[in-house]
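Structure first, then comments.
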Amino acid sequence: VDHFNLKDYLGNPVFSSKKRYTELPVGIIVGLVAHEGGGDIAYIEVSKVPARKDRSRGTLQVTGNIKDVMRESSMIALTYAKTFVNNHLGDLPGIYSDMHLHFPEGGTPKDGPSAGIAICSAYLSLALNKAIPRDTAMTGEITLTGKVLPIGGVREKTMSSQREGMKTLIFPQGNEADIEEL
């Protein structure tokens, strides 16, 4: 048995990688997802929507197969990102642009609040014009005041991130006991 005939003996791989980028572009973040079948990584993409000069109203368009909780998380994350920029970074007009937030892989429904910090990080990446390292993934619900709440599915999310080669994982501090247990 060698790498040439391994597939003949074992069949197709059970898991295929979802990694799409060798380097993450600005505004794209890797989130962690837990579901009935285990866990996955999920890309979250945000971009500025071109507007005519002085016509931007700071609107948000959200697309992808998402449910109400995820839509609410998108709005909460944007509100906090704008507040953070205003209070700590000064004048970054990009955060007030019209934006389009997209959750790819429309065949997979997405729901739950745990993408909040990933969504917020995507907004901040875009506003700061700074990409994050490609091997970084995150999960956590964010509140309007920037608190990051504990999440479920730590084991599943950790296993999926390892399978996808993620080296840096960002979890809520409230999940510290779950992580130590692993």
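Applying the criterion of at least 1 residues that are of a type in the set (Phe, Trp, Tyr) to the strands (runs of 3 or more DSSP E) found wholly in segment 45-160 leaves 99-103. Here is the figure for segment 152-182: residues that are under 14 Å from the mean Cα position of the chain (by Cα) and hydrophobic (A, V, I, L, M, F, W, C) total 4. Here residue 44 fits the description: touching a Phe, Trp or Tyr at 6+ places or on another chain (Cβ under 7 Å), surrounded by 15 or more Cβ atoms within 10 Å (Cβ to Cβ) and either modelled with pLDDT of 90 or more or not charged (D, E, K, R) (or both).
The combined condition, being surrounded by fewer than 16 Cβ atoms within 10 Å (Cβ to Cβ) and part of a loop (DSSP other than H, G, I, E, B), is not fulfilled by residue 174. State yes or no: is residue 32 part of a strand (DSSP E or B), out of contact with any Phe, Trp or Tyr (no Cβ under 7 Å at 6 or more places or on another chain) and at pLDDT 80 or above? Criteria met by residue 32. In the set 59, 108, 145, 136, which member is modelled with pLDDT under 90, hydroxyl-bearing (Ser, Thr, Tyr) and under 26 Å from residue 179 (Cβ atoms)? Exactly one residue qualifies, and that residue is 108. The set of residues from segment 128-171 being among the hydrophobic types (A, V, I, L, M, F, W, C), open to solvent by less than 70 Å² (accessible area, probe 1.4 Å) and more than 24 Å from residue 76 (Cα to Cα) comprises just one member, 166.
The values are calculated or read from the model by the stated rules, or taken from the named source; none is laboratory data. Since the structure is predicted, the reported quantities are computational estimates derived from the model, not experimental observations. Note that each Cβ is placed from the backbone with ideal geometry, even for glycine, and that neighbours are counted across all protein chains shown. We work out accessible area using only protein heavy atoms, side chains counted, and drop any ligands, DNA or RNA first. Shrake-Rupley method; radii C 1.70, N 1.55, O 1.52, S 1.80 Å.
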